[in-house]
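To start, the structure under review is shown below, and the notes come after it.
Values quoted throughout were computed directly from the atomic coordinates according to the rules given, and no laboratory measurement underlies them. Predicted model, so just to flag it, every value in this text is computed and none were measured. Positions of Cβ are generated from backbone atoms using ideal geometry, with glycine treated the same way; all protein chains shown enter the neighbour counts.
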Amino acid sequence: MSTTTTHPYVAALLAGTAALPQSPAAWLDARRAAALERANALAVPTTRDEEWRFTDLTPLTRLQFQPVTTASTVSAADIAAYAVSEAAVRLVFVDGIHVPALSHAGFLPAGITVELLASALKKHGALIEPYLAQLVKNDNDLFAALNTAFLQHGVFIHAAKNAALQAPIHLLFVATRKGVAAYPRCLVVADAGSEITVIEDYVALGDEAGLTNAVTEIAVAANASVRHIKLQRESSQAFHIGSSAVTLAKDARYLSHAVSFGARLSRNNLSVTQMGEGAHAQIDGLALIGGRQLADTHTLMDHTQPNGTCEQSHKTIVGGAGHAVFNGKVFVHQGAQLTNSSQQSRNLLLSDKARVDTKPQLEIFADDVKCAHGATVGQLDADHLFYLKSRGLPEAQARNLLTYAFGAEIIDRIPVPSLVAQLEQYVMARTEAGA
Amino acid sequence: MINANAKKILEVRDLTATVAGVDILKGINLTVRAGEVHAIMGPNGSGKSTLAKVLAGHPAYTVTGGEVLFEGKDLFALASDERARAGIFLGFQYPVEIPGVTNSAFLRLAYNTVQGGRGKEELDPLEFDDLVREKMKLLEMNPEFLSRSVNDGFSGGEKKRNEILQMALLEPKLSLLDETDSGLDIDALRVVAGGVNTLLNAGNACVLVTHYQRLLNYITPDYVHVMSAGRIIRSGDKSLALELEERGYDWLLDDKKAGATV
């Protein structure tokens, strides 16, 4: 359907853009305006759109969301449970607005910059311009276009050539209010040979229906390494739509850990484009949902150059009447010889009403590549259960332990112990409650 | 160690069982008293592993007849986890791997569950750590196996050591060791068998399911039973195992066929 009439729901969402201040850079104003125009032209996707076949956005369109200009009052104690003790620096946003009192800037080594997007645009405009709103594709993605149209609050992270920071950078986004839309934006630029870890952490206080529409762009230069941990633990009423777009130069490494526990409806898009030879991506995903939650993950691994490697493992644990969706595309272009790309989608259903739709897709146009993919949907393995019961564990306890283990396998690969402890505790509590 | 007056730990009477509708056990009779070591031998497919799994309560097998008493009580009234807490231990031929659960957490959970089930004291992580490290020495196991996931990436020998470590911790009254010797090199076999010997005493009993005589060079059986086609066709003392080693199983099977025609 082609029309220039703005979809009424989109028009209502976009009403808020009129109040946006001018950005510090003319090029950014132009990109916001282009995104606004694009958003006006796009409709809210329906299940008739292939990309949204299993994810019905109707519940989202029944509610109205607007950005706010002041954050609610949140104390340090309110968010103490989300502290990551290893973090070098923490930036906290409440309802989309940065709260300096809750943030702390630790010691950052030379060459590492972590700054609010607004001030970074003034100081590092030339560094930002090649990437911001350039890596993520707006053309057919209403939510990415909306985020760019509202682009104001966010974070710029830069690692200069050969700069390395072992400690993670913790970006904590706290949702507190009903009807609030937050449009967080992150840009990560890792120059040649650098190494950083970024935690994007979306949490909620209370159980309100807010909307988070997040976009993160990550450019990894030659031989650089970025570890990207994205946690979505918002309220069970919330809507979370996030897109991450990553480009990898020669021999770059990108390690992604995406964990979704929260939201009534969540959609996580991750697109990784290998633009140089020999780049490596590791893409781990875990969704643990129950009740009437829906968690949708769409990934795209685009191998355009030779000798690229990618290992992807996506797991879901679905209880109650939950619904998990996974769509993983792997493209191997004609020139991308000697690509080695694997993808596993493993899904555990804990109840009769739980549902999973998984669709791994391989499209290969090169003739000398190694690609493997597989998908399993099932219940707990009877032999595993018997093993635990033969050691005295009652049925329920054995089931919980195996469910926990299924998720822990993904969580344990996150090299941040305090975060692993938080997530494991959550998974344990959730499995004991029947997910 | 045979003591005719020792109490009966296990009595199997006319036991029959099926898997997926196929008869596997066709009438097993076996009595095991405290202090005894029984070896169950036989060719592949004779039903010896099935017997161990049925006794431990594997859900794939259906008991179709006969009865089994464990310490005088109906074993089949107990679910598999209840059997474990009551004192039955199955050492698996193929221990399963459980990525995501550390071995130490698993061992402590099993230990405390069984202890709790027996009305005994449970241990906190530090106390348990002392205990498990002590038991690991028995099996010459590197303590690093505590921090790895259960059996995940363990070699065949490491998995079997981990099984006997669990036996050492759970202190069963009846150990059913299913092909514990398979996949072990000679050094690992010596260590694992030595561990088992240390754990056996006048108050417990052990049933070794094995295809080969070589395990019995290290763990001396009081009785050797030969199974074929779901029945015990011959019982004897340890010399029977040596005879089997020398002559194979065929002569017994031929004997049986000959006997059947009489």
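What the table shows:
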read-out	value
For segment A:138-185 and segment A:319-396, distance of Cα centres in Å	29 Å
Dipole magnitude of chain B about its Cα centre (Cβ charges: Lys, Arg +1; Asp, Glu -1), debye to nearest 20	560 debye
Kirkwood hydrodynamic radius over Cα pairs of segment A:382-435, then Stokes diffusion coefficient at 20 °C and 1.002 mPa s, in µm²/s	184 µm²/s
Options A:Asn347, A:Ala181, B:Ser46, ranked by Cα towards positive dipole end of the protein assembly as shown, top entry (Cβ charges)	A:Ala181
Translational diffusion of chain A, µm² s⁻¹ [Kirkwood Rh, Cα pairs; Stokes-Einstein; 25 °C; 0.890 mPa s]	111 µm²/s
Cα pair distances exceeding 27 angstrom across segment B:8-261, given as percent	36 percent
Nearest-ten-degree value, helix B:186-199 long axis tilted from longest Cα axis of chain B	80 degrees
Per residue Cα convex hull volume in Å³ - calculated over segment A:22-87	244 Å³
Among B:Thr210, B:Ala60, A:Leu57 - extreme Cα towards positive end, dipole of the protein assembly as shown, charges at beta-carbon	A:Leu57
Loop-resident sites, segment A:354-426, for chymotrypsin sites (Phe, Trp or Tyr not before Pro), counting at most 12 other Cβ within 10 Å (DSSP)	A:Phe365
Set A:Lys315/A:Lys370; A:Lys329/A:Lys353; B:Lys53/B:Lys120; B:Lys73/B:Lys159; B:Lys53/B:Lys73; B:Lys26/B:Lys73 screened for pairs whose C-alpha atoms are more than 25 Å apart	A:Lys329/A:Lys353; B:Lys53/B:Lys120; B:Lys73/B:Lys159
Spatial separation of Cα centroids for segment B:1-70 and segment A:81-111, in angstrom	63 Å
Dipole magnitude (debye, nearest 20) for segment A:382-435, charges at Cβ of Lys, Arg, Asp, Glu	60 debye
Descending semi-axes in whole angstrom, ellipsoid equivalent of segment B:68-169, from the Cα gyration tensor	24, 17, 12
Magnitude of the charge dipole, chain A, Cβ model with Lys/Arg +1 and Asp/Glu -1, debye to 20	560 debye
Nearest-ten-degree value, helix B:103-117 long axis tilted from longest Cα axis of chain B	70 degrees
Estimated translational D of segment B:149-191 in µm²/s (Stokes, Kirkwood radius over Cα pairs; 4 °C; 1.567 mPa s)	117 µm²/s
Hydrodynamic radius of segment B:111-213 per Kirkwood, over alpha carbon pairs, in Å	14.5 Å
Alpha carbon Rg of segment A:259-411, scaled by the compact-globule rule 2.2 N^0.38 Å	1.17
Segment A:376-413: trypsin sites (Lys or Arg not before Pro) in DSSP loop, at most 16 other beta carbons within 10 Å	A:Arg413
Distribution of pairwise C-alpha distances over segment A:330-407, 5 Å bins, in %	3, 13, 18, 14, 12, 10, 9, 9, 6, 4, 1, 0
Farthest toward positive dipole pole in chain B [+1 Lys/Arg, -1 Asp/Glu at C-beta], among B:Thr16, B:Gly194, B:Ala86	B:Thr16
